[in-house]
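Notes for the one structure printed next.
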Amino acid sequence: MVSLRPAQTNKAGKIAVQPLSLSGKCIVLGVTGSIAAYKAVTVLRLLVQAGAQVHVVMTESASRFITPQTFEVLSGHPVAQDLFEGHQDMKHLSLTEHADLLLVAPCTANSLAKLSLGLADNLLGTLALTIQCPFMICPAMDGEMWEHATVQNHVAVLTDRGVIVIEPEIGALASGQWGRGRFPEESTIFDEVVKVLGIQQDLNQERLLLSAGPTREPLDPVRFISNGSSGKMGFALAEAAVARGAEVVLVSGPTQLKAPRGVSLVSVQTAEEMLQALTVHFPWATTLMMTAAIGDFRPKFPLSQKLKKSHWDGEALVLERTPDILLALSAQRTHQRMIGFAAETDHLLEHGQIKLTEKHLDMLVVNQVGGEKSAFDNDTNEVYVLTKHAPPQFIPRQTKRTLAHALLDYLHTLSGPLKTATSTIIS
């Protein structure tokens, strides 16, 4: 289960819960000489933000693409490069002595071959022969190189040896060609690390029904009313829940996000479509989490053909209310826990308390929209968590990935079908 720092009080006197999903984990990050080496910086940031201690090992060619100082600053540790420098420290042993994972990202075709053959002509290759922890590599190279029989043989050897290989993705390559060989998405690598390092499967009795993203209400076939929600919070919750053992159905409005691995995605457009999809899956669910920013209004008389400027006579647009999804599902509730999300521009706690009561919710997560702290289309967020029997709790600004785990921890404080783990939430 995600561990939490001891409670700290912010200036507003609210308890600040800080999740550390990789707290106490030690990761050795190997960086080899690929054009994708700069993407290892994002991987490092994700790991550090999640609480891991990360020690970076660079090959000589990697330093031609990015400087060691970048990794030193972000990791807080010196970068190891030379097998012979500081030989008294015996880095090939000391770096891996307490390592929970050796992650090579990116891994070039050359380094892949060396690792497969067990060559130890640099520090990274030597480390690979001494580790007792899981070993993960993320190849990145030109498409023709990846498809070459020799490279595939090296991959097969490493896989048979128990090495976890995250295959490259299809996309634009440094050569200008299109094919498989592209460095995996940094978020994909992070998710695989989380799975390998074994976040407790404390949600393995959960069937989580999630909504995410905006809705679109058509004015005519080309125009619609919508909002600025990106869906990032809902997708982060889906990823985190799957990593912790839950079954997840994600009902999402239009977004640019990829469906998380292991998640059943149902795509919708309008509020009415979202209500129908959620209604179908609601009896199956043990918990409903409504992160979607559902439009409250829609055109009452949508047009079947595009409205031409020359044909518009200045008549006002007539709107009507969209269905109240939370209220509708509350009326069908049997065993489900219901968690809502509220996007407010002001008086967050006051408006949140009203919604918590009126919608008959077990929990409400309130965040701000508009201004510099807006949650919309942001990679970070800060929220208040409201429940029926506890004072409001404040979770300070952090990435939505780490925030997702903190919010899932609250499931253990709510009544309902979840029976497995004890709560670490401080109230």
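The values are calculated or read from the model by the stated rules, or taken from the named source; none is laboratory data. Model, not experiment: these values are computed from the prediction. Neighbour counts run over all protein chains shown; Cβ positions are idealised from the backbone, glycine included.
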Note to self: If a residue must be under 27 Å from the mean Cα position of the chain (by Cα) and part of a loop (DSSP other than H, G, I, E, B), how many such residues does region 39-78 contain?
What the structure shows: 6
Item checked: Where Leu349 falls short, out of the listed (1) part of a helix (DSSP H, G or I); (2) under 30 Å from Asn204 (Cα atoms); (3) of a type outside the set (S, T, N, Q); (4) touching a residue at least 12 places away in the same chain (Cβ under 8 Å) -> (2)
Notebook entry, point to check: Would it be correct to say that Ser116 is surrounded by 15 or more Cβ atoms within 10 Å (Cβ to Cβ) and closer than 30 Å to Gly176 by Cα?
Noted result: yes
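Here is a yes/no grid of residues against (1) loosely packed, with under 14 Cβ neighbours inside 10 Å; (2) in a helix (DSSP H, G or I):
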| residue | (1), (2) |
| --- | --- |
| Ala120 | no, no |
| Leu124 | no, yes |
| Met141 | no, no |
| Glu167 | yes, no |
| Arg180 | no, no |
| Phe190 | no, yes |
Margin query: So, Gln152, is that one more than 18 Å from the chain's Cα centre (by Cα), more than 29 Å from Leu278 (Cα to Cα) and at pLDDT 90 or above or not?
Written below: yes
Note to self: With the structure loaded, tell me whether Leu257 is closer than 19 Å to Gln276 by Cα and crowded, with 16+ Cβ neighbours inside 10 Å or whether it fails that test.
What the structure shows: no
Item checked: Of all residues making up region 193-231, the number that are among the acidic types (Asp, Glu) and surrounded by fewer than 20 Cβ atoms within 10 Å (Cβ to Cβ) -> 1
Check: Can you tell me which of Leu124, Leu197, Leu173, Leu158 is of a type in the set (A, V, I, L, M, F, W, C), over 30 Å from Val242 (Cβ atoms) and touching a residue at least 24 places away in the same chain (Cβ under 8 Å)?
Finding: Leu124
Check: Among the residues of region 286-325, how many are part of a loop (DSSP other than H, G, I, E, B) and basic (Lys, Arg)?
Finding: 3
Next item on the list: Go through region 181-200 residue by residue and tally those that are in contact with a helix residue (DSSP H, G or I) (Cβ under 9 Å, 6 or more places away or on another chain) and modelled with pLDDT under 85.
Entry: 4
